[in-house]
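Notes to accompany the following structure.
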Amino acid sequence: MQAAFKDNHGLQCGFCTPGMVMAGLEIVRRHGPNVSAETIAHDLEGNLCRCTGYQNIIAAIGAGAKAMGGKSNA
Ligand code: FES
């Protein structure tokens with residue numbers, strides 16, 4: 001998941017990033033490797049980012065989910 005954030009430019013200042021990565025892991029645990037962008041966006045509700053506009057965060061979590069194959073401890 002951390003590599004997916006780096007590869008997909010899922011952060012700018014990095015302030016929100018630890019929480020986004022942890023939320024991403026929970027999203028994978030709950031929804032598996034083929035989670036939709038809409039579900040990721042919904043489940044990130046309450047995790048605020050003042051920099052990115054969320055597009056790259058959503059892309060990063062989707063890529064991380066696929067790379068992890070649904071294993072939330074990877
Ligand atoms: S990257 Fe700056 S708050 Fe999210």
Exercise. Go through (1) outside any helix (DSSP H, G or I); (2) within 15 Å of the ligand (Cβ to nearest atom) and name the single condition VAL35 misses.
Key: (2)
Quiz item: How many of the residues in the range 3-15 are within 14 Å of the ligand (Cβ to nearest atom) and either open to solvent by less than 30 Å² (accessible area, probe 1.4 Å) or among the polar types (S, T, N, Q) (or both)?
Solution: 5
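Okay, residues lined up against (1) charged (D, E, K, R); (2) at negative phi; (3) at pLDDT below 95:
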position	(1), (2), (3)
LYS6	yes, yes, no
GLY10	no, yes, no
PHE15	no, yes, no
VAL21	no, yes, no
GLU26	yes, yes, no
LEU44	no, yes, no
GLY62	no, yes, no
GLY69	no, no, yes
ALA74	no, yes, yes
Practice problem: Would you confirm whether any residue within the range 16-28 is more than 11 Å from the chain's Cα centre (by Cα) and loosely packed, with under 14 Cβ neighbours inside 10 Å? | Solution: no
Quiz item: Which of (1) buried (at least 19 other Cβ atoms within 10 Å of the Cβ); (2) within 9 Å of the ligand (Cβ to nearest atom); (3) aliphatic (A, V, I, L, M) is the odd one out, the single condition LEU44 does not satisfy?
Solution: (2)
Quiz item: For the range 47-68, how many residues meet the condition of being more than 16 Å from the ligand (Cβ to nearest atom) and open to solvent by 50 Å² or more (accessible area, probe 1.4 Å)?
Solution: 2
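The values are calculated or read from the model by the stated rules, or taken from the named source; none is laboratory data. A quick note: this is a predicted structure, and the numbers were derived from the prediction, not measured. We place every Cβ from the backbone using ideal geometry, glycine too, and count neighbours over all the protein chains shown. Keep in mind that these areas ignore ligands, DNA and RNA; they rest on the heavy atoms of the full protein, side chains included. Shrake-Rupley method; radii C 1.70, N 1.55, O 1.52, S 1.80 Å.
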